[in-house]
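Colleague: What follows is a structure written as structure tokens; I'll ask about it next.
The values are calculated or read from the model by the stated rules, or taken from the named source; none is laboratory data. These figures come from a predicted structure and were not determined experimentally. We place every Cβ from the backbone using ideal geometry, glycine too, and count neighbours over all the protein chains shown.
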Amino acid sequence: MAQHNELGKKGEELAVEFLLKNGYDIIERNYRFDKAEVDIIAKKDSILAIIEVKTRSTVDFGNPQDFVKPKQIQRLVKAVDEYVNLNRLDVEVRFDIIGIVKQGKTFHVEHLENAFYHF
């Protein structure tokens, strides 16, 4: 497996651990619809949190969250709309980004709630 794929998998595992420690229930991982893949669908209280995980080995080219592009956001919104309708959920939906940066042998995790409103 390519090194960046391994880093991405590690980032998703760290994101799940982070969410669980912070009171979230993990509902789905790697949910696919059309051309979109939702990394993590989690629930906390009455909020369905849609989590995009971005992992980088350096911030030399920007923060991980800077790599979520408008087209990807469109696809995610469409996929989540389908998911909510398919499962007949009556919840508030929030789009978050978890940015993870490898710093030596450790990882820095940053959780940005309502991240798509920052774009």
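Colleague: For the list (1) modelled with pLDDT of 95 or more; (2) not in a helix (DSSP H, G or I), I need the number of the one condition that A15 fails.
Modeller: The number of the failed condition is (2).
Colleague: I'd like the residue in region 92-119 that is among the aromatic types (F, W, Y) and assigned to a helix (DSSP H, G or I) and, out of all such residues, is surrounded by the fewest Cβ atoms within 10 Å (Cβ to Cβ).
Modeller: Y117
Colleague: What do you reckon, is K54 at pLDDT below 90, under 15 Å from F116 (Cα atoms), out of contact with any helix residue (DSSP H, G or I) (no Cβ under 7 Å at 6 or more places or on another chain) and among the charged types (D, E, K, R)? Break it down stepwise before answering.
Modeller: Details: at pLDDT below 90: yes; under 15 Å from F116 (Cα atoms): yes; out of contact with any helix residue (DSSP H, G or I) (no Cβ under 7 Å at 6 or more places or on another chain): no; among the charged types (D, E, K, R): yes.
No.
Colleague: Something else: May I ask you to say which residue of L89, L48 is modelled with pLDDT of 90 or more and in a loop (DSSP other than H, G, I, E, B)? Full working, then the answer.
Modeller: On the way: L48 fails: in a loop (DSSP other than H, G, I, E, B).
L89 is the lone residue from the list that is modelled with pLDDT of 90 or more and in a loop (DSSP other than H, G, I, E, B).
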